[in-house]
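Working notes for the structure below.
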Amino acid sequence: MDQVEAVFREERGRLLAALARRFGDLDLAEEVTSEAIEAALTRWPVDGVPPNPGGWLMTTARRKAVDRLRRDQVYAAKLAILQVEADRPAPQAVGDELPDERLQLFFTCAHPALAPEDRGALTLRCLAGLTTPEVARAFLVPTATMAKRIVRAKQKIREARIPFRVPGPDELPERLPGVLQVIYSVFTEGYAASSGPYLQRLDLAEEAIRLARILHRLLPDEREVAGLLALMLLVHARRDARSGPAGEIVLLEDQDRSRWDQDAIAEGRSLVVAALTGGPAGPYAVQAAIAALHDEAADFASTDWAQIVQLYDVLLDLDPSPVIALNRAAAIALRDGPQTGLDLLDELAGEPRLRDYHPFALARADLLHRLDRLPEATAAYRRALELAGSEPERAHVRDRLTELEQTEAHGDRV
């Protein structure tokens with residue numbers, strides 16, 4: 001059954017994309033894709049996996065779609081148009097024979113006409129193949145809420161007649177960042193879960209990397225696609241060292257670097273070179289270069305903070321967001337000292353996006369602690385505790401507060 005499940009995982013996105021394009025109906029495509037997989041689950045354990053499993057699934061799904069259209073009078077006119085095409089032999093789904101359809105589905109799910117929160121949900125549902133309850137858990141909302149969100153997105157595609165197509169060369173630069181952002185949002189939730197008992201959601205992080213690999217195969221000359229894949233590989237390479245035996249957070253300076261995934265680092269570094277070659281670098285390529293510098297350092301003390309700050313300067317020009325400015329300030333604190341970093345954070349204190357942002361409160365608390373401004377650090381840690389999402393994040397801040405209280409108590413005794 002492992003072989004069968006691997007086939008389903010690999011073929012489902014291709015099959016759904018091809019059927020959605022052919023029939024112009026995402027709901028119909030999902031239903032007959034599921035029915036084809038159910039038929040395979042019944043037949044393949046008895047007959048064996050066919051030589052061309054993708055072709056078998058496509059033929060079965062297309063027949064089921066035509067049967068359903070025949071029974072539905074609403075689709076009678078559409079059936080007359082589709083009948084000729086439905087009787088043709090199914091395309092051979094071996095390797096990447098259906099790349100255009102999958103690429104079309106990427107851009108359909110991330111269409112700017114859809115609400116931002118709907119794009120990620122639809123991408124996980126359609127391209128990653130997660131169930132609606134799984135998508136709901138990923139976005140930390142009730143299943144019923146997510147079901148309505150997915151229905152709303154599909155309805156928008158249908159009513160707005162959003163085409164299942166790849167944007168033309170003139171549209172691609174404007175549309176591609178939206179697709180990349182959806183994938184990166186999925187990865188970010190996997191890298192640092194916004195709530196729950198675990199620091200990481202490895203299933204989401206790995207699914208985002210899988211989607212980025214598909215996109216990179218489909219758009220091999222798009223350097224920002226290579227940059228995003230590189231960034232995620234280089235960050236995900238540290239996954240085993242980021243948590244301790246009890247699930248506690250292990251900071252970068254304390255991680256056992258022998259546990260980092262060297263194969264992922266090597267692949268990521270190679271992709272960084274491709275992403276940085278051939279013209280001005282994009283934001284994902286620059287972030288990947290920063291991640292590569294972290295991964296290349298033998299230990300935390302030997303990290304090239306000067307070069308990292310220079311890269312953050314470039315990144316801030318490309319993406320002048322307060323979160324990038326926060327990360328730059330943290331790097332400057334490690335290069336020039338905590339007071340310089342704290343001054344920069346204080347300049348950012350009025351940014352609305354940072355007001356309730358846990359990493360900002362925690363970064364400020366840590367710098368105040370390093371400067372022995374203990375009462376202020378205590379207040380900042382308490383604010384960080386209020387904003388922390390996952391239990392490991394809360395436990396980490398509580399540990400810092402306990403350490404601070406012990407330091408203050410010791411000072412009082414002295």
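The values are calculated or read from the model by the stated rules, or taken from the named source; none is laboratory data. Bear in mind that the values here come from a model prediction, so they are computed numbers and not experimental data. Cβ coordinates were reconstructed from backbone atoms using ideal geometry, including for glycine residues, and neighbour counts include every protein chain displayed. Surface accessibility is based on the protein's heavy atoms, side chains included, excluding ligands, DNA and RNA. Shrake-Rupley method; radii C 1.70, N 1.55, O 1.52, S 1.80 Å.
Of note:
- Calculated P(r) of segment 356-414 - Cα pairs past 13 Å, %: 55 percent
- Here the Karplus relation 6.51 cos²θ - 1.76 cosθ + 1.60, evaluated at θ = phi - 60°, turns the backbone of segment 106-120 into coupling constants of 3, 6, 5, 5, 9, 5, x, 6, 7, 5, x, 5, 7, 5, x Hz, with x for every Gly and Pro.
- Cut-off under 5 Å, modelled amide H: who pairs with residue 25 long-range: none
- Multiplying the residue separation of residue 156 and residue 113 by 0.36 nm and subtracting their alpha-carbon distance yields 14.7 nm.
- Rounded Å value of the spacing that divides the Cα centres of segment 99-159 and segment 346-414: 37 Å
- Long-range HN-HN contacts of residue 193 with modeled amide H, under 5 Å: 200, 201
- Size of charge dipole - segment 222-268 - debye, nearest 20, with Cβ of Lys, Arg +1 and Asp, Glu -1, no other charges: 20 debye
- Placed amide H near residue 243: partners under 5 Å, 5+ positions off or other chain: 250
- Computed about the Cα centre, the dipole magnitude for segment 356-414 is approximately 80 debye when only Lys and Arg (+1) and Asp and Glu (-1) carry charge, each at its Cβ.
- Largest-first ordering by accessible area, 1.4 Å probe, given options 391, 253, 11, 38: 38, 253, 391, 11
- R0 of 30 Å, Cβ-Cβ distance residue 374-residue 194: FRET efficiency to nearest 0.05: 0.50
- Mean Cβ neighbour count within 10 Å, used as a protection proxy, ranking 232-239, 318-325 highest first: 232-239, 318-325
- Evaluated at q = 0.15, 0.16 Å⁻¹, the base-10 log of the normalised Debye intensity for segment 231-365, with identical point scatterers placed on the Cα atoms, takes the values -0.81, -0.92.
- Between residue 263 and residue 170, the modelled label-to-label distance comes to 4.6 nm, taking each label 7 Å out from Cα in the direction of the beta carbon.
- Euclidean distance between Cα centres, segment 288-322 to segment 253-269, Å: 16 Å
- Sparse-neighbour loop sites [GluC sites (Glu not before Pro); segment 214-251; at most 16 other C-beta within 10 Å; DSSP]: 248
- For segment 102-190, applying the loop criterion from DSSP together with a ceiling of 16 other beta carbons within 10 Å to the trypsin sites (Lys or Arg not before Pro) yields 161, 165.
- Taking the chain and dividing mean pair separation by its residue count, relative contact order in percent (alpha carbons under 8 Å, at least six apart): 10 percent
- FRET efficiency, 1/(1 + (r/R0)^6) with R0 41 Å, evaluated for residue 49 and residue 252 via beta carbons: 0.40
- Option label - Cα Rg over 2.2 N^0.38 Å computed here, alternatives [x] 0.99; [y] 1.04; [z] 1.13: [z]
- Remark: segment 45-51, residue by residue, has Karplus-estimated 3J(HN,Hα) of x, 8, 8, x, 5, x, x Hz, where x stands for each Gly or Pro and the curve is 6.51 cos²θ - 1.76 cosθ + 1.60 at θ = phi - 60°.
- Annotation: extensible slack from residue 141 through residue 339 equals 67.3 nm (criterion: 0.36 nm per residue apart, minus Cα-Cα distance).
- Here segment 385-405 is scanned for amide nitrogen atoms under 19 Å from the site 7 Å beyond the Cα of residue 202 along Cα-to-Cβ, giving 391-393.
- Counted residue by residue at 0.36 nm each, then reduced by the alpha carbon distance between them, the extension gain from residue 210 to residue 406 reaches 66.0 nm.
- For the chain, the solvent-accessible area works out to 48 Å² per residue, with a probe of 1.4 Å and every protein chain left in place.
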